[in-house]
Amino acid sequence: MKIETEEPEEIEVNMTAMIDIVFQLLIFFIMTFNVAPQEGDFTIKMPLASQPSDEIPLDEPPEIIRIALRSGDEGKISTINVDDDVEAQTFGPSETMFGDLTNYIEEKLAADGDPESEIETEVEFDIDYELRYSFTVKAIEAVSGKIVDGKIKKLIGNIKFKNNSNGG
Amino acid sequence: MKFKKKQKSEILEGDLTPMIDMTFQLIAFFMLLINFSKVDRAEEITLPVSELAVPPDGSLEYKMILNLEPGGNVIFAGQRIQNIDVMGPILNQEIANAERENVAAADVAVIIRSHADAQTGLVQKLISKCQDSELESFVLRVNDRESK
């Protein structure tokens with residue numbers, strides 16, 4: 001009995017179309033890809049004044065430092081007035097005014113700060129309506145902390161705004 | 001005169017398999033990284049820059065992102081709102097959505113992405129409007145200076 005064995009046929013699949021589609025997809029993803037800059041947050045607490053707080057009140061109220069940001073021409077920063085009920089200081093329009101503010105806060109915390117004290121220090125900003133938001137962020141940054149040897153030294157964490165929304 | 005026979009030109013076949021492998025690798029890379037949701041961050045807003053800003057808290061239960069343009073327009077969920085004063089119903093709707101997910105209004109994180117040149121009064125007006133709807137937790141979002 002003669003058994004015929006046929007050699008298996010090689011089936012060649014044309015992959016050209018698949019490669020074309022793959023390149024189309026790649027171009028689509030490259031064109032729609034968007035590299036977004038890293039964002040960060042500053043948290044501010046604005047509790048409703050009408051509602052009582054659920055927290056147990058401290059024996060002593062928090063120490064408040066009031067910082068007034070005054071606007072000049074075109075919404076640029078003019079002066080920074082600091083008042084902590086003990087002394088008042090004004091930082092004039094200069095390149096280093098925010099650095100001076102940071103140094104003032106740092107000295108204030110070092111002079112008053114007792115690690116065992118439960119008195120918290122918080123900052124209340126009184127900001128002119130016309131002041132550009134970028135300067136507000138610089139002020140928040142100035143009181144929040146500073147970079148020392150590549151590390152962040154935290155200063156004040158409790159920040160709130162005085163309501164000046166009607167000035168516009 | 002001796003004429004040399006022209007040699008038949010050889011067809012060089014290059015192996016393109018590694019190129020196709022790399023192409024698939026690139027496709028997989030972009031497919032994993034690409035994010036089509038533009039409703040949360042409005043690209044036309046230039047955030048102020050700060051090096052002290054804390055990286056965003058990914059553990060927030062419920063958040064709403066309000067983008068504020070210099071002219072006072074607010075962009076929320078892809079919708080442009082011309083006036084902050086008319087945001088009340090929109091905020092109340094969002095709070096109702098949060099309460100359906102068992103998140104109280106006081107626990108809703110309001111993330112404000114304001115343009116650097118916007119007036120601070122507009123930001124305060126927006127915060128005040130949110131407070132009228134009993135929102136208490138606010139986050140001011142900025143660009144991390146290290147990424148610039």
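The mean sequence separation of alpha-carbon pairs under 8 Å and at least six residues apart, normalised by the residue count of chain B, gives a relative contact order of 27 percent. Full extension of the chain between A:D100 and A:I3 gives 25.0 nm of extra length, using 0.36 nm per residue less the Cα-Cα distance. Against the empirical curve 2.2 N^0.38 Å, the C-alpha radius of gyration of the range B:49-147 lands at a ratio of 1.07. Using the Cβ-Cβ distance between B:L12 and A:N34 with R0 set to 35 Å, the FRET efficiency from 1/(1 + (r/R0)^6) comes to roughly 0.30.
Among A:K151, A:K45, A:K160, the ranking by other beta carbons within 10 Å of each residue's beta carbon, starting with the fewest, stands as A:K151, A:K45, A:K160. Annotation: amide H of A:M46 within the under-5 Å range of B:F138, sequence separation 5 or more or interchain, hydrogens built in the peptide plane. Each label was represented as a point 7 Å from its Cα along the Cα-to-Cβ direction; for B:R100 and A:V86 these points are 5.3 nm apart. Per-residue mean of foreign Cβ neighbours for B:134-141 is 5 (Cβ atoms of other chains, 10 Å radius).
Label-to-label distance for B:I81 and A:T79 is 3.7 nm, based on points extended 7 Å past Cα in the beta-carbon direction. Cross-link check: pairs A:K151/B:K129; A:K76/A:K146; A:K45/A:K76; A:K108/B:K63 evaluated at a Cα-Cα cut-off of 32 Å; pairs beyond the cut-off: A:K151/B:K129; A:K108/B:K63.
With neighbours defined as other Cβ atoms within 10 Å of a residue's Cβ, the residues A:T96, A:T102 order from fewest to most as A:T96, A:T102. Database remark: amide H of A:L155 closer than 5 angstrom to the amide H of A:G145, A:K146 (H placed geometrically; neighbours at sequence offset of 5 or more, or on other chains; Pro and chain starts carry no H).
Values in this text are rule-based calculations from the coordinates and carry no lab data. All values derive from a computational prediction rather than experimental measurement. Positions of Cβ are generated from backbone atoms using ideal geometry, with glycine treated the same way; all protein chains shown enter the neighbour counts.
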